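Asker: Pasting a structure here, questions to come.
The values are calculated or read from the model by the stated rules, or taken from the named source; none is laboratory data. Since this is a predicted model, take the numbers as computed values, not measurements. Cβ placement follows ideal geometry from the backbone for every residue including glycine, while neighbour counts extend to all protein chains displayed. Accessible surface is based on the protein model in full, side chains and every heavy atom, while ligands, DNA and RNA are left aside. Shrake-Rupley method; radii C 1.70, N 1.55, O 1.52, S 1.80 Å.
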Amino acid sequence: SLFIALLGLIGGFSTPALLSTGEDHPIGLFGYLLLLNGGLAWVASRKRWPLLTTLSLVLTTLYQWSWVMKFLTAGKLPLATGIFLAFPILTFFAIALGREKAATSDWKSLFGQSGSLSAALPMVFALYLAAVPGYGAHYGILFGFLLCLDVGLFAVAAARGPEILHLAGGLSTIAVFATWFNVSYEAGSAWPGVLLFNALFVGFYLAAPLIARRFGRDFSGLGRRAVFAAPLLLFAIPVLAGFEPACAAPGLLFSALFLLLMANSSYAVTQGKGAVHFLAVFFALIAETVWTAKYLSADRLLQGLALYGIFGLFYLSVPVLARRFQKALRPESAGALLPLMSFGLFLGLAGHLFLFFVASQHS
């Protein structure tokens, strides 16, 4: 009966606390909890008792965060990320097996919410790592973990839903990047690795809807909006231009930006998502403005002119190519803002040129 199962659940989850010696034995603790969760998930799927899955998730989460607060150190980050990844994977497979036992119409109401919550909870841990400088310094572990979560949430959303999981992954990724830049980033510590990770996330969110469509899982609801994470993540480029002294040499930063801009605009033109293009161009113009204000000098004048010329030609060519392929970049009114912003950037460049000219005359 369900009552007997709940007694077993309470006894199973009480055992580690009752036998605890106050020492750190994460392999034994979470290995035991993993086996316990697997057994309870099997019973829950066989008997259609979603309460077991929900309570297992709550109690496991309490153990995870108790361990994090008491024992987590920078040296244990790889183990911690493995722990936070293992339980959602187990839950997903348990629910997938349970789906074969349940009717298609009722399995979501029985187990879907617990499974979705289990898949999304590790995002809170990623945000926590980004907010603690001692952990955020290990950016490779943080963003590698985050990428695994994003891919997993996408796979779950595409395979069985709900689509909001994919959107939640995109929003959480933006929040993690913003938190990490604000709290944990130190100039020179993560350059150019963070640029590579940013490019990977942008590429993933552009490719995700195409991959889903390729396997006949086209997003039709909230999942379709996750693609906007790709252009929004380009906010990292102007942030790097402002924070990272190595960006004074614009070659690597703006080469990466140009490739990412091309990817966003290509998706926008082929899929009819003009907002993706406009958002990407907006952050590109911000990046140019930040670099101009901070690093443009007489020695870098030719680099700056080449930079503005290449990006300016690109901004002009995308609408032309869109019309050539009979693809409208909507909303069309947004396109009028780009010339105004470009004109403002041109005025800033003209001001720098005037100052250079006056300085050269006096010298």
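Asker: Pro16: in contact with a helix residue (DSSP H, G or I) (Cβ under 6 Å, 6 or more places away or on another chain), at pLDDT 90 or above and open to solvent by less than 50 Å² (accessible area, probe 1.4 Å), yes or no?
Answerer: In short, yes.
Asker: Ok, one more. Is it true that some residue in the stretch 280-295 is open to solvent by less than 40 Å² (accessible area, probe 1.4 Å), closer than 22 Å to Ala208 by Cα, in contact with a His (Cβ under 6 Å, 6 or more places away or on another chain) and at pLDDT 85 or above?
Answerer: Within the stretch 280-295, none of the residues are open to solvent by less than 40 Å² (accessible area, probe 1.4 Å), closer than 22 Å to Ala208 by Cα, in contact with a His (Cβ under 6 Å, 6 or more places away or on another chain) and at pLDDT 85 or above.
Asker: Hey, among the residues in the stretch 193-221 that are of a type in the set (Phe, Trp, Tyr) and crowded, with 20+ Cβ neighbours inside 10 Å, which one's farthest from Glu163 (Cα to Cα)?
Answerer: Filtering first and then ranking leaves Phe197.
Asker: When both residues are 6+ apart or on different chains and their Cβ atoms are under 7 Å apart, which pairs have a first residue that lies in the stretch 289-302 and is more than 17 Å from Ala236 (Cα to Cα) and in contact (Cβ under 8 Å) with a residue 12 or more places away in the chain, and a second that is open to solvent by 40 Å² or more (accessible area, probe 1.4 Å) and of a type outside the set (Phe, Trp, Tyr)?
Answerer: If the second residue must be open to solvent by 40 Å² or more (accessible area, probe 1.4 Å) and of a type outside the set (Phe, Trp, Tyr), the pairs left are Leu296/His352.
Asker: Turning to a different aspect of this structure: Considering each residue of the stretch 222-272, count those that are farther than 27 Å from Lys327 by Cα and surrounded by 24 or more Cβ atoms within 10 Å (Cβ to Cβ), and give that number.
Answerer: Of the residues in that region, 5 qualify.
Asker: Can you find a residue in the stretch 43-52 that is under 28 Å from Leu79 (Cα atoms), free of Cβ contacts under 8 Å to residues at least 12 places away in the same chain and of a type in the set (A, V, I, L, M)?
Answerer: no
Asker: Follow-up. Could you check the stretch 231-278 and list, in sequence order, the residues that are among the polar types (S, T, N, Q) and more than 20 Å from the chain's Cα centre (by Cα)?
Answerer: Residues satisfying the conditions are Ser255, Ser266, Thr270, Gln271.
Asker: Pick from the stretch 54-83 the residues that are small (Gly, Ala, Ser) and open to solvent by 60 Å² or more (accessible area, probe 1.4 Å): which of them is farthest from Leu33 (Cα to Cα)?
Answerer: The selected residue is Gly75.
Asker: Can you name every residue in the stretch 222-253 that is among the β-branched types (Val, Ile, Thr) and farther than 18 Å from Leu285 by Cα?
Answerer: Val227
Asker: Assess whether Arg300 counts as being over 27 Å from Trp191 (Cα atoms) and either open to solvent by 50 Å² or more (accessible area, probe 1.4 Å) or of a type in the set (A, V, I, L, M, F, W, C) (or both).
Answerer: no
Asker: Looking only at the stretch 7-26, count how many residues are in contact (Cβ under 8 Å) with a residue 40 or more places away in the chain and under 18 Å from Lys76 (Cα atoms).
Answerer: Counting residues in the stretch 7-26 that are in contact (Cβ under 8 Å) with a residue 40 or more places away in the chain and under 18 Å from Lys76 (Cα atoms) gives 2.
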